Amino acid sequence: MANPQDHFSVKAFKEELNANSISLAFQGVFTHDILSLIGHSLRDAPNNQIISKRLFAIAIEMAQNIHHYSAEKVYSEKDSRKIGIGIIAIGEDYKHHLISSGNYIESKDIENIIERSDFINQLDADELKEYYRAQRKAPQRKDKPGANLGFIDMVRKSGNPVEITIKDSKDEKSFFILTVRVNKEI
Amino acid sequence: MDNFHIEGSTYIPTIDFDAESGVLNIEGESYHEYTIEFFQPVFEWLEKFLSTPERDVTLNFKMTYFNTSSSRRFLEILTMLEDYQFDNNGNVEINWYYEESDIDMEESGEEYSDDVDLPFNLIPY
């Protein structure tokens with residue numbers, strides 16, 4: 001029988017997390033229980049309270065994007081429906097907290113997502129506020145459980161643009177990475 | 001008419017609606033992944049409650065966190081109350097409580113108060 005270490009080294013994995021200052025990472029199905037755990041863990045961190053709440057808010061919006069829109073889904077008995085899977089990691093650099101999410105999306109959706117994020121990223125604080133209010137008043141999109149406010153909220157809460165990277169783009173599915181930096185100083 | 005109650009948990013708010021006094025309380029955190037489904041019974045109760053004209057209604061929001069999806073539902077609730085105020089001679093008042101240091105929750109209250117034409121009190125605690 002092969003030694004499990006031949007396949008996977010927990011130590012190397014931990015070292016990689018440390019090297020990138022990752023304090024929290026979760027991969028899998030983003031159930032409510034997982035979201036609550038992430039919330040507690042962020043709020044117990046020794047940050048300024050308002051920053052902890054903003055980190056939590058951004059992580060929740062990312063997790064719910066994965067839950068609803070990931071192109072990789074698994075069936076959950078508890079929820080009696082299919083739920084998206086993906087990864088969220090929270091780390092830091094000298095000046096920022098960084099939150100990243102990763103999940104597969106339908107390649108045909110890429111253009112719309114990038115167009116939308118580019119538009120939102122160039123708005124100033126007042127324009128963001130007005131756009132958020134206008135979008136919230138607009139009717140709920142058909143067959144989409146989300147509020148269509150996630151990106152706007154992330155930019156407003158972080159004060160920074162949403163950064164999008166697309167990896168291994170294939171005909172049908174592509175890996176979508178979303179990163180938001182939250183300044184450590186308000 | 002019966003009162004309405006939902007016991008809150010980590011991701012759903014405690015909701016207490018008193019039909020007799022017209023005091024409606026929503027308190028806690030709200031980040032259910034399917035807010036349309038979660039709030040459906042809330043809207044049904046409100047619709048019935050607001051079919052009687054000229055009620056005194058006080059809505060107390062005391063939220064510590066809500067996601068963008070809940071934010072939409074809250075606007076829908078406020079809009080129902082605004083319609084009631086003008087179409088059914090309601091006497092509606094909104095109290096928006098926020099933790100004193102929570103500038104984001106304060107701003108959310110300010111934005112809602114701009115979105116609906118109702119007496120709207122922002123109350124730090």
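The values are calculated or read from the model by the stated rules, or taken from the named source; none is laboratory data. Predicted, not measured: the structure shown is a model, and the values here were computed from it. Heads up, the Cβs are rebuilt from the backbone with ideal geometry, glycines too, and the neighbour counts pull from every protein chain shown. These accessible areas exclude ligands, DNA and RNA; they are computed on the full protein's heavy atoms, side chains included. Shrake-Rupley method; radii C 1.70, N 1.55, O 1.52, S 1.80 Å.
Brief remarks on what is shown
- Applying a threshold of 24 Å to the alpha-carbon distances of A:K129/B:K48; A:K95/A:K157; A:K108/A:K167 flags A:K129/B:K48 as lying beyond it.
- The A and B chains share an interface that buries close to 3000 Å² of accessible area, total over both sides, probe 1.4 Å.
- Less than 5 angstrom separates the built amide H of A:K82 from those of A:S76, all sequence-distant by 5 or more or on a different chain.
- Chain A: equivalent-ellipsoid semi-axes (sqrt of 5 x gyration tensor eigenvalues, Cα, Å): 27, 22, 17
- Note that the range A:161-174 has calculated 3J(HN,Hα) couplings of x, 7, 9, 10, 10, 10, 10, 4, 6, 10, 3, 9, 10, 9 Hz, one per residue in order, obtained from phi through the Karplus relation 6.51 cos²θ - 1.76 cosθ + 1.60 (θ = phi - 60°); glycine and proline are x.
- List of the range B:1-28 residues, accessible area with partners at least 20 Å² below that of the chain alone (1.4 Å probe): B:T10, B:Y11
- Expressed as a whole percent, the accessible surface of the range B:1-107 that belongs to carbon and sulfur atoms is 42, based on a 1.4 Å probe.
- Probing with 1.4 Å while keeping every protein chain in the model, the per residue accessible area of the range B:4-124 equals 41 Å².
- 18 Å reach of a label modelled at A:A25, 7 Å along Cα-to-Cβ, counting backbone N of the range A:69-90: A:85-90
- With all protein chains modelled, accessible area of A:Y69 [1.4 Å, Å²]: 80 Å²
- 3J(HN,Hα) along the range B:8-16, derived from phi through the Karplus expression 6.51 cos²θ - 1.76 cosθ + 1.60 where θ = phi - 60°, amounts to x, 9, 4, 10, 10, x, 7, 10, 10 Hz, with x in place of Gly and Pro.
- Taking B:R55, A:R141 and ordering them by how much accessible surface each has at a 1.4 Å probe, largest first, produces A:R141, B:R55.
- Shape category assigned to chain B from the gyration tensor of Cα positions, a/c cut at 1.5: oblate
- Accessible surface for A:K170 stands near 130 Å², nearest 10, in the context of the full protein assembly shown (1.4 Å probe).
- The range B:4-31 residues near the modelled B:N91 label - backbone nitrogen below 15 Å, point 7 Å along Cα→Cβ: B:20-23
- Entry comment: accessible area of the range A:74-148 is 60 Å² per residue, from protein heavy atoms only and a probe of 1.4 Å.
- Cα gyration tensor shape for the range A:101-170, rounded if a/c is under 1.5, else prolate or oblate: oblate
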